[in-house]
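Peer 1: Take this structure first; my questions come after.
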Amino acid sequence: MTESGNQFAGTSERSTKHSPRVDDELEHEVQGLLKGERQTRAEEWREVEPSAEGDPDVDADPSGTLVGGTPVGMDADAVEARAELARWLDRADFPSAGAALVEAALDHRAPDAIVAELRRLPEGETYDRIGDVVRALGYPTEA
């Protein structure tokens, strides 16, 4: 087989699950979604209801506070720092020493700021969970 146009050898432009007629029907059904600038649902009750006048704007971080508040004994910066550290470390990375956590963060392609933060961990200690790491870095934790 040879390649032609934008096709790879052995592949087809059409689906192999449907006949060409069914593919054309399915393509026609989604044209309204692709080209229209309005809702295309037949049932009005499925459409997203717009905000009413006078309702407050929906915001995940209203007036600079976290939704749901912060745990007792922590501030918003500590919550964000713990969440960012946890984002780049898996449960499988624990228990580990500080150097192993730095390597794990590098393996997960963590940003330089996270790697630098993990390099501040004291030598010779083993950390069982992210809370232990956060405490060792000097951030406040929940009471």
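Peer 1: Using only the C-alpha atoms of the stretch 69-136, find the volume of their convex hull and express it per residue in Å³.
Peer 2: Dividing the Cα hull volume of the stretch 69-136 by its residues yields 84 Å³.
Peer 1: Next up: What order, most packed first, do the peptides 94-100, 70-76, 28-34 have when packing is the mean number of other Cβ atoms within 10 Å of each residue?
Peer 2: 94-100, 70-76, 28-34
Peer 1: What relative contact order, as a whole-number percentage, does the stretch 64-143 give when Cα pairs under 8 Å and 6 or more residues apart are counted?
Peer 2: Once divided by the residue count of the stretch 64-143, the mean separation gives 38 percent.
Bear in mind these aren't lab numbers, they're just calculated from the coordinates by the rules spelled out. The shown structure was predicted, so the numbers you read here are calculated from the model rather than taken from an experiment. As a convention, Cβ positions derive from the backbone with ideal geometry for all residues, glycine included, and neighbour counts pool all protein chains shown.
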